[in-house]
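Q: What follows is a structure written as structure tokens; I'll ask about it next.
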Amino acid sequence: MLSEWFPNVVMEDMWDATYETLYMTVISVIGTLILGILLGLLLFLSERGNLWQNRLINSVTASAVNIFRAIPFIILILLLFPLTDFLVGTLRGPKAALPALILGAAPFYARLVEIAFKEVDKGVIEAAKTMGAKTHTIIFKVLLPESMPALISGITVTAINLVSFTAMAGIIGAGGLGDLAYLKGFQRRDYDVVVASTIFIVIIVFIFQFIGDYLSKKLDKR
Amino acid sequence: MISIQGLSKLYKTKHQNVQAVDDVSLNIEQGEIFGVIGYSGAGKSTFIRLINRLEEPTGGHINIQGTDITNLPINQLRKRRQKMGMIFQHFNLLWSRTVFDNIAFPLEIAGISKSERQEKVQELIDLVGLKGREKSYPSELSGGQKQRVGIARALANDPDVLLCDEATSALDPETTDDILDLLVSINEKLNLTIIMITHEMHVIQKVCHRVAVMDQGKVVEHGDVLDVFVKPQSKTAKRFVQQLNPLEHKQDSLKRFITEDESTEVIKLHFIGNDAKRALISEVVKTFDVEVNILQGSISPTQEGAYGTLYVELNGNESVIAETLKFIEASGVEVEVIRDVK
């Protein structure tokens, strides 16, 4: 029945493309998580009245984040070609998409991280100070654990954005399900391949959402 | 033990300067429960936060057991803070940690080993009466239980002073009493100095040995709780004392007993400490030719002994009444002739 509805779909290609999409998404989620939390921390801590209150750092970070968020992803990939070439050594394949994916998603996630930190009860941070906690203790033992559910739902939203970014990256040669849908589906007028790729992408998104919701709920003891 | 000299905090904003704490000087003794009372905006919360430098003072000195807190560099201040527990109106527990882990938190900060933490936390859980709730999360506890966790956490590093910032203001009256009882028993058991900020006179009455009344950043009055209760000097202190004494609200009902007639007087008697137990009225009736009509009375216990208030009407010859008043005064009970009701 499957071959009746999807005559041009080659399962082997589908799995390869799915693997590439997952590879790009998972690595870029990890990269985004690290870079985004660092940027978010910098934004939060340098704000007025916070631990590292510093106007210069705050405005520089905020501007960088805003600029990167303003650039449409498809253009960001093009702009980053020289950087990608330098870092990865090639402009094709899933690996080549990673710098753009991470730089595209991290500023967005950084803002979500900042919001998550702002939601942490100021009184709890104050309580930690009265116990004589150092700044790194406050970051690792108060800020991060107390904002964990928000950090996780934030990365879930970001991961889903990243899945659609990988599809865009696919169109300019990064591989994955977007690439498959465009090259082997759209350009050959084999629309069943486009539909099949879409179904796979939707399933991936659902799985990410499910994992994110589950973890965020499980960790939330409020 | 704690000596505060000329402590000030000035908040500067673009539009105005606010003198939140204004030249406060106080001495707090080892092992006492010292209350600070004031209406909101009086500067009492800022005051207590200056003591552990959650807010930086803009003037003055705080000396705790010979160490000038105000001059400590930040890393030494952190070390010192470990020996100054603090509890809060809204408890400020970490929701992501269990009761056990919340209490262990200050021990982690102090770098205590895991096995020692285990032992100490268990001891504290017993002390504050939370046995069996170790694995609960704060969201599963009542307000009173949360404050017990707060207290245990504040005591974890064996502090020499406990700062309480409106610690019972978010609790219902019954729970407030439980928490206050717990604080008193800790004060007695550990000989721990406690500084308590509140806007409830009831709290001061129940647990404090001495009290300072704050208004507009200044300490307008301070002394033994009993003295302030019986003879409040400042307007603010008088308002607080009135608030507590139910009779003060019912002065209207005295109105119809107050007359221009010289042969009847309404008088207010203050009994303090052991005087409260004397049979003064029957002595008066036996000694003088006056009629005593008891109008209303109350008795309030404080940490330093009870104090009572009694309103009576005296009927008799003008000169006998004068003699009676002298007799009462001589017996050590304070008398006030009421001629006017607010």
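The values are calculated or read from the model by the stated rules, or taken from the named source; none is laboratory data. All values derive from a computational prediction rather than experimental measurement. Note: ideal-geometry Cβ built from the backbone for every residue, glycine included; neighbour counts use all protein chains shown. We work out accessible area using only protein heavy atoms, side chains counted, and drop any ligands, DNA or RNA first. Shrake-Rupley method; radii C 1.70, N 1.55, O 1.52, S 1.80 Å.
Q: Mean projection of the alpha-carbon convex hull of region B:146-221 over all orientations, in nm²?
A: On the way: hull surface 21.4 nm².
The directionally averaged projection comes out at 5.4 nm².
Q: Can you tell me the relative contact order of chain B? Whole percent, Cα pairs under 8 Å, sequence separation 6 or more. Present the calculation step by step, with values, prior to reporting the outcome.
A: Working: 641 pairs, mean separation 59.8, N = 342.
It comes to 17 percent, rounded to a whole number.
Q: Let me ask something else about it. Given A:LYS134/B:LYS12; A:LYS118/B:LYS120; A:LYS141/B:LYS79; A:LYS118/A:LYS221, which pairs have Cα atoms separated by over 21 Å? Walk me through the intermediate numbers first.
A: Working: A:LYS134/B:LYS12 27 Å; A:LYS118/B:LYS120 33 Å; A:LYS141/B:LYS79 18 Å; A:LYS118/A:LYS221 18 Å.
Pairs exceeding 21 Å: A:LYS134/B:LYS12; A:LYS118/B:LYS120.
Q: Where does the charge balance sit around A:GLY170 when Lys and Arg score +1, Asp and Glu -1, over other residues with C-beta under 14 Å from its C-beta? Present the calculation step by step, with values, prior to reporting the outcome.
A: Numbers: positive: A:ARG92, A:LYS95, A:LYS184; negative: A:ASP13, A:ASP16, A:GLU20, A:ASP179.
After counting each charged neighbour, the total is -1.
Q: Kirkwood hydrodynamic radius of the protein assembly as shown from all distinct Cα pairs, in Å? Display every interim value, and only then the final one.
A: Details: mean 1/r = 0.0345 Å⁻¹.
Final number for the Kirkwood radius of the protein assembly as shown is 29.0 Å.
Q: Sticking with this structure for a sec: When chain B is modelled as a GNM with alpha-carbon springs shorter than 10 Å, which of B:ASP177, B:ASP126, B:ASP22 fluctuates the most?
A: For chain B, modelled as a Gaussian network with Cα springs under 10 Å, the answer is B:ASP126.
Q: Could you compute how much accessible surface A:TYR191 exposes when probed at 1.4 Å, giving the result in Å² to the nearest 10?
A: Approximately 120 Å² for this residue.
Q: For B:LYS9, list the lysines whose Cα falls under 17 Å from its own Cα; do not include residues on the same chain fewer than 8 positions away.
A: B:LYS44, B:LYS218
Q: Something else: What's the average, rounded to a whole number, of partner chain beta-carbon atoms within 10 Å of each residue's beta-carbon in B:149-159? Present the calculation step by step, with values, prior to reporting the outcome.
A: Details: counts 0, 1, 0, 0, 3, 3, 0, 1, 2, 0, 0.
Other-chain Cβ atoms within 10 Å of each residue's Cβ, averaged: 1.
Q: Shifting gears a bit: Could you work out the percent of alpha carbon pairs in chain B separated by over 25 Å, rounded to a whole number? Write out the running numbers ahead of the final one.
A: Details: 34643 of 58311 pairs.
Value for chain B (Cα pairs over 25 Å): 59 percent.
Q: Roughly how many nanometres apart are two label points built 7 Å out from the Cα toward the Cβ at B:ALA330 and A:ASP220?
A: Reported label-point gap for B:ALA330 and A:ASP220 is 7.7 nm.
Q: Which residue, B:VAL207, B:VAL149, B:VAL230, tops the fluctuation ranking in a GNM of chain B built on C-alpha contacts under 10 Å?
A: B:VAL230
Q: Give a quick list of GluC sites (Glu not before Pro) in region B:120-208 that DSSP marks as loop, anything other than H, G, I, E or B, with at most 16 other Cβ atoms within 10 Å.
A: Working: sites: B:GLU123, B:GLU134, B:GLU140, B:GLU166, B:GLU174, B:GLU188, B:GLU200; in loops: B:GLU134, B:GLU166, B:GLU200.
Counting only loop positions with at most 16 other Cβ atoms within 10 Å, the GluC sites (Glu not before Pro) in region B:120-208 are B:GLU134.
Q: Taking every residue in B:88-94, how many Cβ atoms of other protein chains lie within 10 Å of its Cβ, on average? Numbers along the way, then the final one.
A: Values: counts 5, 1, 4, 4, 9, 4, 10.
Partner-chain Cβ atoms within 10 Å, mean over residues of B:88-94: 5.
Q: Here is a follow-up. Rounded to a whole number, what is D in µm²/s for chain A from Stokes-Einstein with the Kirkwood radius over alpha-carbon pairs (4 °C, 1.567 mPa s)?
A: On the way: Rh = 19.0 Å.
Roughly 68 µm²/s, to the nearest whole number.
Q: Over the whole of A:130-140, what's the average partner chain Cβ count within 10 Å per residue? Rounded to a whole number, please. It would help to have the intermediate numbers written out before the result.
A: On the way: counts 17, 16, 14, 8, 4, 0, 0, 4, 1, 0, 0.
The per-residue average across the peptide is 6.
Q: Add -39500 (n - 2.57) for each DSSP H run of 4 or more in the protein assembly as shown, then divide by its residues: what number comes out at 222 nm, to the nearest 500 deg cm²/dmol? Present the calculation step by step, with values, prior to reporting the outcome.
A: Working: 22 runs with 283 residues, N = 564.
That comes out to -16000 deg cm²/dmol.
Q: Another question about this same structure. Return the Cα extents of region A:159-222 along principal axes one, two and three, sorted largest first, each rounded to a whole Å.
A: Projected onto its principal axes, the Cα set of region A:159-222 covers 53, 21, 11 Å.
Q: What is the mean projected area of the alpha carbon convex hull for region B:75-212, to one decimal in square nanometres? Show your work: numbers first, answer last.
A: Numbers: hull surface 33.6 nm².
Convex hull of Cα atoms, orientation-averaged projection: 8.4 nm².
Q: OK, next. With chain B treated as a Gaussian network of Cα nodes joined by springs under 10 Å, which of B:GLY60, B:GLY111, B:GLY297 yields the largest mean-square fluctuation?
A: Comparing B:GLY60, B:GLY111, B:GLY297 in a Gaussian network model of chain B, the most mobile one is B:GLY111.
Q: Please report the Cα spread of region B:12-167 along all three principal axes, rounded to whole Å, starting with the longest.
A: Cα extents, longest axis first: 49, 33, 31 Å.
Q: Please give the residues of region B:68-95, grouped as numeric ranges, whose backbone N is less than 19 Å from a label point set 7 Å along the Cα-to-Cβ vector of B:GLN5.
A: Answer for region B:68-95: B:68-73.
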